[in-house]
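Since the structure comes first, as structure tokens, the remarks are kept for the end.
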Amino acid sequence: MAEQLNPPAIEAGVSRRMSVRDRLAISLGVSEEKKEEIYLQVSLSASLRDVSYWLQVFFAAGIATLGLVLNSPAVIIGAMLISPLMGPILASGLALAAGDLVLGARAFANLALSCLVAVIFAVLLVALLPFKEVTAEIAARTQPNTLDLVIALFSGAVGSVATCKEVKGVVTSIPGVAIAVALMPPLCVVGYGVGIALSVNLEDGVRLARGGGLLFLTNLVAIIFMAMVVFVALHVDTARVKERAREWQHGDAESAWVRSLIVKLPIPDRLRTVGSLPGRFVVIVVTILLILVPLTQSFVQLRQEITRQQQENRFRRAATELWEQNFSRLPNGEPRCYLGQLSLLDREGKLALLLRVFTIKPYTAEEKTEYTRLVAERVGRPAQAVVLRLIEIPTVSSELLAKAREDARSEPVVKNESRVEEVLTLAQMQANYAQVVETALADLSLPAPATLITREVTTDADSVPEVKIVYLSERDIEADALGLIAELVRARFENPQARVSFERIAASTNLLAFARNRAEITPAVTETLDRMGRQLQKYQSLRAEVAAGADKSEREGVAEERARAVVEHLSAQWQVAPERVDIKPDALDKREAILTVRVGESEAPPQ
């Protein structure tokens, strides 16, 4: 009699023969039927004929671009949730996992066209905007680092698993993945950069577009890689599933067209099968390693900046504690001063301290030297490497103030003397601050072709300097150069909190047209002259140059009359002294004059 087989033994044998990938798939509830469903759903997401998909791309790109311009995180998050780009990206990962060249071609075409549509739409929106400022949300997406790659790897894995498992987890996972990887905003930053390059500044626009493009490429490659890993790990590419996919592709018009196109292309048979699985892994891993090069550089810069900030915070705490413990009270224990501000700047091994104190007793040179020594000892620096700038604001204690009021009521003469002494103290403080400003901004130079016109320095309620630099140039100074100049100004003021702003006066050439044999100022010429006159009136360090001309057939002397008419208009309407305008008559052979402005060499330096 035939031996009866024990059903539990059969199940044990099957379990032993089952691969690790199949066990993982079963543990996640991914059956063979579920694998077929996943393959077909992901394949459908790479379709070029889905009208709703392209509407989502348009709407997501528009919302993301406006959210970036408005600096609104909430609006940008809305665009992330609307964006449908995860579909074709997961399709690319599945194509690499299964070696499906048809699906890979469809997914790549969909991605390329989606990126192009989003970027072009962002460029059009930027062209329509009346303002083009680089907001914090835009700047945050122009310097990706290694951490962004790690986030994208985790997000790609979660998104792929959420796509494969039961519906109960997808609802909560997919929105989180969309927010984490942020696929659409970097694309819109690329479009914004292209728009800036075309309309404002080429170099700034290229820098923005390059940074946004690198962040999108980082997210794209990382998600494709992790999707490939998850699909391979779950054994989605079984023979049965691939056979079912081929049947579907033969019935799908778009897939059939792509397949016929691939057959016609001069591609070797080995490439038609997309190579071996290890070969496909190598291709995408090499791509990730190439992306890591610029990402690592940005990460190193970020780490250095964080380390520097932590060190400065440690130095600030030490400097504050030493001052409060040793110099804030009189020998009898009464308060001597109030520490209003403590700022520091640590550059090239030198620690510069700026203290602003309200004190009833001035500090001696010996006390300042002792404080510098204590700080240097606490932070582990040589004493000569620590520089102290102490701003003392004289004040009186409440008791002394009350006594001064009593004396003032009883002795008017003493009251007047007190007032004189107070005025002299304030004047001396103003003179000292003016000297600090002049010392800090002396020899400040700007990159060519920009020329410094003036600098305006004010302070807020907390005595934080606010510096406005006005310069003459044909184009804006690059953002990197502006940042370096701002850091230089803060270093010279020895105040990291100093606020620095810039204003550009356009160094443009203005053509002034005249009637034949006439030198009268027409309304069109008046508009141009008034615009230039306002600048000359506001900034006394500017000079003007008028090059006038005349046709050969015009009367003699009309060119000089035109130049004089320009000078007289600037003098009468805008109080521009004639000696600030250089005249070059007969410099042109046309019925026009050219008005330009420059920073005058003979003018006193800006104050």
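The values are calculated or read from the model by the stated rules, or taken from the named source; none is laboratory data. Since the model is a prediction, treat every value here as computed from it, not as a measurement. Here the Cβ positions follow ideal geometry from the backbone for every residue, glycine too, while neighbour counts run over all protein chains shown. Side chains are part of the model used for accessible areas, which takes the heavy atoms of the whole protein and leaves out ligands, DNA and RNA. Shrake-Rupley method; radii C 1.70, N 1.55, O 1.52, S 1.80 Å.
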Task: Subset of region 357-382 that is under 43 Å from the mean Cα position of the chain (by Cα) and among the hydrophobic types (A, V, I, L, M, F, W, C) - its residue that is farthest from Arg317 (Cα to Cα) - done: Phe358
- [ ] Give, as residue ranges, the helices (runs of 4 or more DSSP H) completely inside region 1-101 that count at least 3 residues that are of a type outside the set (D, E, K, R) and at pLDDT below 85.
- [x] 7-17, 20-27
Open item on the list: Just to be sure before I move on: is Ser343 open to solvent by 20 Å² or more (accessible area, probe 1.4 Å) and not aliphatic (A, V, I, L, M) in the structure I sent?
Closed with: no
Task: Residues of region 517-549 satisfying the condition of being in contact (Cβ under 8 Å) with a residue 24 or more places away in the chain and charged (D, E, K, R) - done: Arg518, Glu520, Asp530, Arg534, Arg543, Glu545
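Residue-by-condition table, conditions (1) open to solvent by 90 Å² or more (accessible area, probe 1.4 Å); (2) among the β-branched types (Val, Ile, Thr); (3) at pLDDT 85 or above; (4) under 30 Å from Ala140 (Cα atoms):
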position	(1), (2), (3), (4)
Ile306	no, yes, no, yes
Gln310	yes, no, no, yes
Phe327	no, no, yes, no
Gly333	no, no, no, no
Thr359	no, yes, no, no
Ala402	no, no, no, no
Val414	no, yes, no, no
Open item on the list: Being in a helix (DSSP H, G or I) and among the small types (Gly, Ala, Ser) is the requirement here; does Ser571 meet it?
Closed with: yes
Open item on the list: For region 500-527, give me each residue that is over 17 Å from Glu474 (Cα atoms) and polar (S, T, N, Q).
Closed with: Ser501, Asn517, Thr522, Thr526
Open item on the list: Considering only residues that are open to solvent by 40 Å² or more (accessible area, probe 1.4 Å) and among the hydrophobic types (A, V, I, L, M, F, W, C), which ones fall in region 510-549?
Closed with: Leu511, Ala513, Ala515, Ile521, Ala524
Task: Top-ranked residue of region 439-456 - restricted to ones that are modelled with pLDDT of 80 or more and within 30 Å of Gly340 (Cβ to Cβ), ranked as surrounded by the fewest Cβ atoms within 10 Å (Cβ to Cβ) - done: Glu456
Open item on the list: Go through region 153-198 and report how many residues are assigned to a helix (DSSP H, G or I), under 19 Å from Gly93 (Cβ atoms), under 21 Å from the mean Cα position of the chain (by Cα) and modelled with pLDDT under 85.
Closed with: 2
Task: Residues within region 361-400 that are modelled with pLDDT of 85 or more and hydroxyl-bearing (Ser, Thr, Tyr), tallied - done: 5
- [ ] Return a yes/no flag: does region 121-138 have any residue that is within 20 Å of Val236 (Cβ to Cβ) and in a helix (DSSP H, G or I).
- [x] no
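Here's the yes/no breakdown for (1) modelled with pLDDT under 80; (2) touching a Gly at 6+ places or on another chain (Cβ under 6 Å); (3) within 30 Å of Leu355 (Cβ to Cβ):
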residue	(1), (2), (3)
Ile469	no, no, yes
Leu472	no, no, no
Ala486	no, no, yes
Ala507	yes, no, no
Phe514	no, no, no
Open item on the list: Just to be sure I understand the filter: pairs with C-beta atoms under 6 Å, separated by 6 or more residues or on different chains, first member in region 474-494 and part of a helix (DSSP H, G or I), second member among the β-branched types (Val, Ile, Thr). Which pairs pass?
Closed with: Ala486/Val500; Val489/Val467; Val489/Val500
- [ ] Go through Lys468, Lys552 for me and flag whichever is closer than 30 Å to Ile393 by Cβ, open to solvent by 30 Å² or more (accessible area, probe 1.4 Å) and without any contact (Cβ under 8 Å) to a residue 40 or more places away in the chain.
- [x] Lys468
Open item on the list: Please go through (1) touching a Pro at 6+ places or on another chain (Cβ under 6 Å); (2) surrounded by 23 or more Cβ atoms within 10 Å (Cβ to Cβ); (3) closer than 26 Å to Val206 by Cα for Leu111 and return the number of the only condition it doesn't satisfy.
Closed with: (2)
